[in-house]
Amino acid sequence: MKIYKSVSLLLGASLAVFISGCSARMGSMSVLSTEHISNLDVKKDHKKVVTGESCERNYFLLFPTGDMQNKVELATERAIESGHKQGLEGNVLIDAKMDMKVTEYLLYSKYCVVVTGQLDTLRLK
């Protein structure tokens with residue numbers, strides 16, 4: 001009877017861990033739209049595509065490291081910074097795309113948000 005209670009408790013705790021969910025903030029963006037904005041004033045001097053990435057890694061399914069929050073925001077900032085390092089000017093990404101890359105092995109996982117877009121400068125009219 002004591003073993004039955006122990007096994008039931010262990011199975012119940014395991015089930016609770018595996019069916020529990022979580023949420024994470026992906027980022028806070030100044031301007032975000034899926035619509036074409038016709039009166040947007042951008043320089044369009046160059047069409048250089050830049051990419052940024054934000055990753056979280058989990059070791060042994062228990063020890064998370066890396067970027068835990070704001071993955072979209074960090075990936076976007078890194079994409080713009082990568083353009084600046086290439087000598088490009090700009091403050092917005094035009095025709096941006098966000099992708100999720102997942103790599104999983106037995107006791108290791110890596111979740112990345114990758115943001116790609118054309119670096120450009122947004123000006124007020």
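The values are calculated or read from the model by the stated rules, or taken from the named source; none is laboratory data. Note that the structure is predicted; figures quoted are calculated from it, not measured. Don't worry about glycine lacking a Cβ; one is built from the backbone with ideal geometry, like all the others, and counts go over all protein chains shown.
Set side by side, the residues 71, 2, 44 differ, and just one is modelled with pLDDT of 85 or more and not aliphatic (A, V, I, L, M), which is 71. Taking residue 93 as the residue in question, decide whether it is farther than 13 Å from residue 55 by Cα and either in contact with a His (Cβ under 9 Å, 6 or more places away or on another chain) or loosely packed, with under 11 Cβ neighbours inside 10 Å (or both). The answer is no for residue 93.
For region 46-79, give me each residue that is over 16 Å from residue 97 (Cβ atoms) and in contact with a Leu (Cβ under 8 Å, 6 or more places away or on another chain). Residues satisfying the conditions are 46, 59, 60, 61, 67.
I'd like the residue in region 55-71 that is touching a Lys or Arg at 6+ places or on another chain (Cβ under 9 Å) and surrounded by 15 or more Cβ atoms within 10 Å (Cβ to Cβ) and, out of all such residues, is farthest from residue 111 (Cα to Cα). Only one residue tops the list, namely 70. Condition (residue is farther than 23 Å from residue 123 by Cα, part of a helix (DSSP H, G or I) and basic (Lys, Arg)) applied to region 91-104: is it met by at least one residue? No, every residue in region 91-104 fails to be farther than 23 Å from residue 123 by Cα, part of a helix (DSSP H, G or I) and basic (Lys, Arg). State whether one or more residues within region 109-124 are outside any strand (DSSP E or B) and either of a type in the set (S, T, N, Q) or within 18 Å of residue 49 (Cα to Cα) (or both). The answer is yes, given that some residue of region 109-124 is outside any strand (DSSP E or B) and either of a type in the set (S, T, N, Q) or within 18 Å of residue 49 (Cα to Cα) (or both).
Counting only residues that are part of a strand (DSSP E or B) and within 13 Å of residue 114 (Cα to Cα), region 55-83 holds 2 of them.
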